[in-house]
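Here it is, the structure in full.
The values are calculated or read from the model by the stated rules, or taken from the named source; none is laboratory data. All figures in this text were calculated on a predicted structure; none of them were measured in a lab. Backbone-built Cβ (ideal geometry, glycine too); neighbour counts: all protein chains shown.
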Amino acid sequence: MTAIDSETQQLFEEFVVPSYGRYDVVLVRGEGSRVWDEDGKEYLDFGAGIAVSTLGHAHPRIIEALDRQARELIHTSNLYFTRPQAELARKLVGIVGSAGKVFFSNSGAEANETVIKLARKFGNECTGNAAGDKPRFEILTFHRSFHGRTMAGISATGQEKVKQGFAPLLAGFNHLPFNDLNAVEKAITGETVAILVEPVQGEGGIYPASREFLLGLRSICDRHGMLLMLDEIQCGLGRLGNWCGWKEIVEEDFVPDTVSWAKGIGGGFPLGATWIRKREIQRLAGGAIDLCDLLQPGSHGTTYGGTPLACATSLAVLNTIEGDGLLANARAQGDYAKQKLAAILGIKEVRGMGLMLGIELGGEFGALGASGKTPSQTVVTELMQNGLLTVPAGPSVIRWLPPLIVSREEIDEAVLILSRTLAAIVS
């Protein structure tokens, strides 16, 4: 550790809330798929800010978009119209491929907060269930899910570790086994209004939903007058090799009622977005309205969501993904990485698709948890020492979430570092 490292960490110790378990490194610069610390040490970044840095670091088109828009108009509030927000909304509706509208926020937690509020409003004001049209509020979510750090987000999340110390939680969430349609059918009551699901569970360990599960959830929601809400904050907008994560799983005509995005949508610039389907619903008080128009003025809002700067940057990111063929690159490099990873000794299983991969460690690494850290945390720390940044996902899974620009040569480099690191740990 250098003096400047120590000084930086001392500043954090004195002035920054200790709500993160930070690794012992101070990053100062990035370019492409690589970052450098204060000592000048180079790292291959396969965490990408937890699936955020879609185009890697210091991409020239992001820099250009930020510079151009910052010189014109940075912020106005949502009391006024701005062209970048309208253009980005049109782009996102086109990506989904079904009619709808978009609400902009600042993060994934806020994007999910939007769908939770929408579901509550739908359940209180609209018809569609078999319980005499009484108000409904319950949302079904799943074990191992993760939906954000707000009170509603941790209440929706199917992991006890995020809930500890925050009771009483927001009522109205029921966590069920993932990929289990029978459990969903049995859980529905006259109070159930929606299902919130990640097509690929991220923080919970990289578990993809099955095709049958997603199609079954759509059928259940249609039969019971419920909303099907997809959390694509980590798996959406190209990470799986498709604009929409669910389209990499379900090839049939499948349309959700909402989609939540964040992370990679801005390539590192904070932005969240929620697509809401255009379909007619009936109000209890009488009269029809489109679902995407249910949140009327005064019912939901944000000061910073959808600023001209954020939206111009996101447009640059999405247009670059499209123009540079990065969807195909994500699929191809992901397939190649899975093939190479499967041959490494000590790896039990590789899950996921595209550039959202979960590497499950074998049982021989179980003893690593004795140090107070989980096996995955210990291995991630060792990988960092060896020049590869990755992210844990549960006690025994390492996540690979490299930028969509990653090359085959960088995949080979990361595989070599991982192989050597695992071999050294068990030797």
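Take region 290-306 and flag every residue that is over 14 Å from D257 (Cβ atoms) and without any contact (Cβ under 8 Å) to a residue 40 or more places away in the chain.
If the condition is that a residue be over 14 Å from D257 (Cβ atoms) and without any contact (Cβ under 8 Å) to a residue 40 or more places away in the chain, then Q296, P297, G298 are the ones that fit.
On to the next question. Does T76 fit the bill of being in a loop (DSSP other than H, G, I, E, B), surrounded by fewer than 20 Cβ atoms within 10 Å (Cβ to Cβ) and among the polar types (S, T, N, Q)?
Yes: the conditions hold for T76.
State all residues of region 320-331 that are part of a helix (DSSP H, G or I) and touching a residue at least 40 places away in the same chain (Cβ under 8 Å); if no residue qualifies, say none.
T320, I321, L326, L327, A328, N329, A330, R331
Collect the residues in region 150-169 that are surrounded by fewer than 20 Cβ atoms within 10 Å (Cβ to Cβ) and out of contact with any Gly (no Cβ under 9 Å at 6 or more places or on another chain), keeping them in residue-number order.
Scanning region 150-169 gives T150, M151, E160, K161, K163, Q164, G165, F166, A167, P168, L169.
Now for a separate question. Would you be able to tell me the number of residues in region 391-405 that are over 13 Å from V52 (Cα atoms) and in a loop (DSSP other than H, G, I, E, B)?
Count: 4.
Quick one: what pairs do we get from region 400-417, first residue under 23 Å from G266 (Cβ atoms) and of a type in the set (V, I, T), second at pLDDT below 95 and part of a strand (DSSP E or B), C-beta under 6 Å, 6+ apart or different chains?
Between residues of region 400-417 that are under 23 Å from G266 (Cβ atoms) and of a type in the set (V, I, T) and residues that are at pLDDT below 95 and part of a strand (DSSP E or B), there is no close pair.
In region 341-371, how many are part of a helix (DSSP H, G or I), more than 25 Å from the chain's Cα centre (by Cα) and touching a residue at least 60 places away in the same chain (Cβ under 8 Å)?
Of the residues in region 341-371, 2 are part of a helix (DSSP H, G or I), more than 25 Å from the chain's Cα centre (by Cα) and touching a residue at least 60 places away in the same chain (Cβ under 8 Å).
Name every residue in region 44-86 that is farther than 30 Å from Y23 by Cα and among the aromatic types (F, W, Y), in order of residue number.
Selection gives Y80, F81.
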